[in-house]
Every structure is written in C-alpha cells, then in structure tokens.
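Novice: Quick one: this structure, given as structure tokens, is what I'll be asking you about.
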Amino acid sequence: MKSFRDRNRDNRPHQPVKIRAEQARPRKTGGVARPEAKLDERREPKAAQRVLSRREGALPAEHLPLILEVAPNQDYALLDSGAGQKLEQYGPYRIVRPEGQAIWQRALPARDWDRADAIFTGDTDEEGIGRWRFPGTPLGETWPMKHDGIDYLGRFTSFRHVGVFPEQASHWDHMAGLIAAAKRPVKVLNLFGYTGLASLVAARAGAEVTHVDASRKAIGWARENQEMAGLGSKPIRWIVDDAVKFAEREERRGSRYDIILFDPPAYGRGPKGEVWQLFEDLPGLTDLCRAILTPKPLAVVLTAYSIRASFFAIHALMRDTFAGMGGKVESGELIIREKSAGRALSTSLFSRWVA
C-alpha cells in the first residue's frame, strides 16, 4: 500500500528526496498523508537511463488473467458504489469518496449514503486540495484501525486517502505465506512503501524488512503504525529516499532481497526536477529489482495504478525481465467485492513473478 508521489494515483503527489539511506532516523510527526513539497529552483539533470538488453533463456510460465479479490470483512467493506462515488466502511466510520470507475448506479437507497460520517469533496486536479466534510459530529484527524489483527492509524488526508489500500490485502496474504513456507530468514524490500502496512505484515510473518519512501511524513506515519501494532521490536529499516536511487545503491553495495514489492507512480516530479514517467522508467526499475534478488528469491510484485494500459503490458515486461529464472508470472487485476449488490470494483493492475 503505498511514496507520496503520484497525481494520477488518486491524485497522490511524488516526492523523491535526495537523502542518504543512513540519514533516516526516528522522528515525531503529525503524519498527514501525501503533502507536496516546494520544488527546489535548481534543476538536477535526469540520470542516464539504465542500459537494458533482452535477457536470454526461456520465459517464465504464465498464469493470466488472475483476479485477486478482497471481500467485505469486519475491518473494511465496500458497502456500495455508483454514480462516480464509493461508500466504504473503515472500522467504525462510513466514508464517501470519489470513484471514477463506478459508472453504474447505486444499489443502496439515499438514506444509507446519507449516514456517512465523512465525505471527501473537491478534486486535486481541478479544484486544488480537497477537503473532508463531516455531516454529523466532526471527527479527529486519525482513528484506530485494524488489518488482520494489526493495529494502525486511519487518517483523513487532503488527497482523499485514508492511509491504507485494502485491495492490496491479497498481495500481503500471499507474501506472508511465502515467508512462512520458506522456513529460513527472508529479506523483504518494500519500495514506495507509503504508510507501512505491507512492511508490518512481512515483519509479523518473520521477515527482515527494508521500507523505502520518498516522503519523511510517510515514514513518520509508518513508524507510528509500527508502534501502534506492537511490532516495535521487529527488524524494519525505515528509509527516506528515492526508490530508484536506493535500488541502484543496493546493487552497487551487493545488498540482496528475497521478496521485492514495488508500487510506482504513473507520473512524478521530484524536488530537484527529477521526473518519473512510468512507461519510460519502469523497465529500468524492474531490471534493477531482478539485479538485487538473492540467489534463491521468492517473489517480485509490481502493482500499477491509473495507467492507460492493459495488464498484458506489464505482464510481458515481467516475463521478459525474469527470462531464464524459471518460476511463473501471474498477472491481472486487484478488485474489491461490493457488499450491496456483489459487483466488483477494479482498483489496479498487477504482475508478480514467483519462483
């Protein structure tokens, strides 16, 4: 789930921060989600692109389409959707947010929608920073939430997010299963890690985790979640850095990982003029992820939000990148099953290589 980076992923901005990994330290923070830093007037030239060549060897086996579904549960439920909005239950609160893909009609009557505790208004692309409206009692910035027994903080942010992407639970469960089945020490790298739920799931399952996000506030929030979850003793490195630059340094250092999660933006601009374009830069980052795998890796998981492409595109990229490594590439969509009428809301594309 998920750097403060992308205006196309539900309007989340991107902030690559040029800070050495060793400089990331614990700090107190109010932890608001996805604010946008002022751009430095100095422009840093874009680094030379990684030189890529096609990998030799047989392509991995494939499984597609694979639809990974999250059903309603006591922690989270998609209650209803339609007319460009979704009605969700996050713990004790009913929340209404925009949802462009909900082009059908609502199934629940207006009175159910009118019972919402919080409604997001405004659009960050058209009207500036959005705001939350509280029809009843004004709510605080944060509230306690759970995922599969892990406590964390929900938070109302100006970019319509609440600190968790429930559709990612399918990836988290799969990852936890791989860690448990390995019966050996496992190192996990979580790039663009956002507020840390994936990192907490991996750490609870027994992995040593490195969590990278370009935003200091995201890291602060993730640390809050670690303490709230009672996982403060688990081995998690919280790194404030640009994902690509960090991965490049890890390749030079010889650092290797058994599982890599990466959830890059469609588009992002950094504080010194760095520009990320998904279709231009994703092949290089995917190749980097292969380069920093251990000799006996377990999986690499790519999730892509708000891109004008089929999952076949990232599926072909992953198969090409992991040619000669055996295993299997599984690709498809992450969906959330609606409680009211049983419809499926697609949230993102994904592709994962599994050894």
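Novice: Of all residues being assigned to a loop (DSSP other than H, G, I, E, B) and of a type in the set (D, E, K, R) in segment 98-113, which is farthest from residue 332 (Cα to Cα)? Just the residue, please.
Specialist: Only one residue tops the list, namely 106.
Novice: Tell me which residues, restricted to segment 333-355, are of a type in the set (Asp, Glu) and farther than 17 Å from residue 113 by Cβ. Outline the logic, then answer.
Specialist: Taking segment 333-355 first, the residues of a type in the set (Asp, Glu) are 333, 338.
The one that is of a type in the set (Asp, Glu) and farther than 17 Å from residue 113 by Cβ: 333.
Novice: Here is a follow-up. Kindly provide the set of residues from segment 281-311 that are closer than 25 Å to residue 249 by Cβ, under 18 Å from the mean Cα position of the chain (by Cα) and part of a helix (DSSP H, G or I), ordered by number. Reasoning before the result, please.
Specialist: Going through segment 281-311, the residues closer than 25 Å to residue 249 by Cβ turn out to be 281-304.
Adding the requirement that they be under 18 Å from the mean Cα position of the chain (by Cα) leaves 281-282, 285-286, 289, 299-304.
Listed by number, the residues that qualify are 281, 282, 285, 286, 289.
Novice: Can you find a residue in segment 261-280 that is modelled with pLDDT of 95 or more, not small (Gly, Ala, Ser) and not in a loop (DSSP other than H, G, I, E, B)?
Specialist: Yes, segment 261-280 has at least one match.
Novice: State yes or no: is residue 314 farther than 20 Å from residue 282 by Cβ, within 17 Å of the chain's Cα centre (by Cα) and surrounded by 20 or more Cβ atoms within 10 Å (Cβ to Cβ)?
Specialist: Taking the combined requirement at face value, the residue does not satisfy it.
Novice: On the basis of being at pLDDT 95 or above, basic (Lys, Arg) and in a strand (DSSP E or B), does residue 319 make the cut? Break it down stepwise before answering.
Specialist: Values: at pLDDT 95 or above: yes; basic (Lys, Arg): yes; in a strand (DSSP E or B): no.
No, not satisfied.
Novice: Read through the list (1) assigned to a helix (DSSP H, G or I); (2) β-branched (Val, Ile, Thr); (3) farther than 25 Å from residue 93 by Cβ, then give the number of the only condition that residue 201 fails.
Specialist: (3)
Novice: Of all residues in segment 222-241, which are in a helix (DSSP H, G or I) and surrounded by 17 or more Cβ atoms within 10 Å (Cβ to Cβ)? Give the derivation first.
Specialist: Here is the first cut: in segment 222-241, the ones in a helix (DSSP H, G or I) are 222-228.
Residues satisfying the conditions are 222, 223, 224, 225, 226, 228.
Novice: Give the residues of segment 60-97 that are assigned to a loop (DSSP other than H, G, I, E, B) and surrounded by fewer than 17 Cβ atoms within 10 Å (Cβ to Cβ), sorted by residue number.
Specialist: Passing the criteria: 71, 73, 74, 83, 84, 91, 92.
The values are calculated or read from the model by the stated rules, or taken from the named source; none is laboratory data. Remember, it's a predicted structure, so these values are computed and weren't measured experimentally. Neighbour counts run over all protein chains shown; Cβ positions are idealised from the backbone, glycine included.
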